[in-house]
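**Student:** My structure is below; once you've seen it, I'll send some questions.
Rule-based calculations on the coordinates, nothing more; no lab input. Owing to the predicted nature of the structure, the values given are computational and were not obtained by experimental measurement. When we count neighbours, we look across all protein chains shown, and the Cβ atoms used for this are built from the backbone with ideal geometry, even at glycine.
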Amino acid sequence: MRVGRITAIIGGAALALGLSAGPALADNPGGNVAASVTVGSSLTLTGLSPTVNWGTVAAGASATQTNAEVFDVSTNLVNGYNVEISPNSGGLGAIGDTAITIIQPSGSFAPGTYPFIENGVPITVGTDRGPTADDHYIENWQVDVPATAAPGTYTGNYGVYAFAN
Amino acid sequence: MLDPFRMTVTPLKFTAPVGSTGQITVIDTGTEKFTVLSSVRTIDRDTAGLCKLSNTAPSWATVTPHSAVLDPGGRRTFTFHVNPGASPGIHDLAIIATADIGTGAVKVNASIGAQAAVDVPGHVAKGTLKPCTTIAAPPKPAGIDWEPVAGIGVIVALVVALFVMTYRLAHKRGAHHG
């Protein structure tokens with residue numbers, strides 16, 4: 001008898017607790033919709049020119065192609081990015097990469113003069129330490145043809161590399 | 001206005017143990033098709049201590065496929081493999097997607113590089129480890145979700161309290177009747 005009463009009281013308490021917990025456990029009582037989105041890191045390069053052409057240049061003279069490369073870089077990386085110009089193969093043959101200077105005028109991101117210091121070695125022309133919607137690069141490419149350069153056409157292959165910081 | 005050439009690469013940061021693989025996706029977000037060439041290069045410190053792309057490729061890391069053609073709006077996934085063979089220490093790699101758009105006598109191509117930090121276990125001479133990339137700390141073990149535990153605990157405590165109170169009440173009545 002006593003045990004039965006105790007059981008009934010506990011059962012009632014448990015039932016009451018269960019009822020009170022009911023609304024919290026019900027599925028989506030307010031019609032809410034859970035939403036989530038995952039954003040990955042990304043980097044975008046826009047608008048490069050596929051070629052640089054100085055035309056015919058006399059030995060010992062310099063030539064500059066204005067706006068040879070105009071491009072934008074955007075990224076959501078917290079630490080930003082670097083941009084390098086890299087010779088991909090023996091730059092301009094006997095003339096060498098060191099004959100080339102990249103000039104980023106005022107109005108460009110990271111304005112300045114960036115010469116190739118060593119043949120075959122990339123140069124950094126821009127660094128941004130945070131996310132950016134569009135860093136706008138304007139590049140004038142200058143070549144200083146050595147006075148001893150033999151007549152002929154010199155070819156090269158360069159790359160604009162944007163990579164994560 | 002859409003640009004003729006526009007290339008996006010995602011994601012851009014990896015921690016890649018030896019034997020692992022990773023993937024980058026290259027997207028043609030412009031209006032012209034182009035061919036993508038994949039490659040791997042090491043990232044080194046120059047004489048000034050700045051991190052730069054080198055022209056060297058590690059023999060123990062590869063990326064496939066070697067090339068793919070992307071139409072406007074198209075995307076392609078490239079997989080890089082970190083094989084055994086690297087010396088102990090942290091190696092910084094760039095997984096590079098190059099849009100082969102160059103033409104003419106002086107060609108200019110466009111490349112985007114994702115970073116991969118490869119941590120090879122083993123003895124590394126003190127002071128030689130100056131990685132360019134940041135290796136993420138290992139994730140903390142998932143903690144206990146205390147919310148449901150606390151809820152269950154409260155219910156159990158209430159039931160126990162009710163049981164004790166009921167038992168004492170019944171015991172008192174029993175003693176009174178006795």
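**Student:** Which whole number gives the average, over all residues in B:45-52, of C-beta atoms from other chains lying within 10 Å of the residue C-beta?
**Tutor:** On the way: counts 0, 5, 1, 0, 0, 3, 4, 9.
Average neighbour count from other chains, rounded to a whole number: 3.
**Student:** Compute the distribution of all C-alpha to C-alpha distances in segment B:1-120, in bins of 10 Å from 0, and list the percent of pairs in each, rounded to whole numbers.
**Tutor:** So the P(r) values, bin by bin, are 14, 42, 30, 13, 1.
**Student:** Determine the sum of side-chain charges near residue B:32: Lys and Arg each +1, Asp and Glu each -1, restricted to other residues whose C-beta is under 11 angstrom from that of residue B:32. Provide the component values of the computation, followed by the final result.
**Tutor:** Numbers: positive: B:6, B:33; negative: B:3, B:28, B:71.
Around residue B:32, the charge tally is -1.
**Student:** Sorted from largest to smallest, which semi-axis lengths in Å does the alpha carbon gyration tensor of segment A:49-133 give for its equivalent ellipsoid, taking the root of 5 times each eigenvalue? Display every interim value, and only then the final one.
**Tutor:** Values: eigenvalues 143, 43, 24 Å².
So the equivalent ellipsoid measures 27, 15, 11 Å along its semi-axes.
**Student:** Output the relative contact order of segment A:43-164, whole-number percent, from Cα pairs under 8 angstrom with separation of 6+ residues. Can you show the working numbers first?
**Tutor:** Details: 308 pairs, mean separation 48.9, N = 122.
Relative contact order of segment A:43-164: 40 percent.
**Student:** Sticking with this one: Kindly identify segment B:38-109 as rounded, prolate or oblate by the Cα gyration tensor criterion: order the square roots of the eigenvalues as a ≥ b ≥ c, call it rounded if a/c is under 1.5, otherwise compare a/b with b/c, prolate if a/b is larger, else oblate.
**Tutor:** Details: a/c = 2.63, a/b = 1.39, b/c = 1.89.
Verdict is oblate for segment B:38-109.
**Student:** Per-residue Cβ counts within 10 Å, from other chains only, averaged over A:48-58: what number is that? Write down the numbers at each step before the final one.
**Tutor:** Working: counts 12, 7, 14, 8, 6, 4, 2, 0, 0, 0, 0.
Shielding by partners across A:48-58 averages 5.
**Student:** Taking the Cα centroid of segment A:28-93 and of segment B:7-86, what is the distance between the two, rounded to the nearest whole Å?
**Tutor:** Spelled out, the Cα-based centre of one part sits 15 Å from the other.
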